[in-house]
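Worksheet: the structure to be examined is printed underneath.
The values are calculated or read from the model by the stated rules, or taken from the named source; none is laboratory data. As the structure is a prediction and not an experimental result, all values here were calculated from the model. Note that we place each Cβ from the backbone using ideal geometry, even for glycine, and neighbour counts take in every protein chain shown.
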Amino acid sequence: MGIDDGITSLWAQRLGLLFLRVSTGFLLVWVGLNKLVKATTPFALRRNIEIDETTGALLGTAFGGFQVIIGVLCVIGLWRKFALPVQALIHGFTAASVWWAIIDPYRWYISGVDRIVFNSHVFYPTIITFAACVLLIVFRRQDTLAVDTLRSRRSAKTA
């Protein structure tokens, strides 16, 4: 492997992690904004907990705002030690709540599960998004195109 290969692969790694972080973060932003605009009870609460409409809308709005904040932190790469695990937890919870769509996206084998009316195969990517979040946590130190990495470099230079 030559010098050019090392430089190219390092930049490919940095850009790949940036793309992964930005895309998973923006997914949280868009989902959170949807909750803020619609002000409805989140899907997981509606399915699992009996809750009145007003409280559900309030919880949906609050959680939507929280998702937007976490998503923005992930997109820009700020406070990743906190934001990336929270993002993974949110995406992981989403994947767990549609487990049947991951295991049997076309409803060939699993029956008797209270499923959503529309096509369940659209939920299969939730496991891929969760895997991407786990990768971002594991390779956080290699993700050098993040605001918190750039801030720590600047403070190290001034010290």
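Taking the condition modelled with pLDDT under 90, farther than 18 Å from residue 23 by Cα, outside any helix (DSSP H, G or I) and basic (Lys, Arg), does residue 154 pass? Judged against the criteria, residue 154 is not a match.
Listed by first and then second residue, the pairs linking a residue in segment 78-90 that is among the small types (Gly, Ala, Ser) to a residue that is surrounded by fewer than 16 Cβ atoms within 10 Å (Cβ to Cβ), with Cβ atoms under 9 Å apart and 6 or more places separating them unless they lie on different chains, are 83/69; 88/134; 88/137. Restricted to helices (runs of 4 or more DSSP H) entirely inside segment 1-119, those with at least 2 residues that are of a type outside the set (A, V, I, L, M) and modelled with pLDDT of 75 or more are 3-38, 53-76, 80-97, 99-103.
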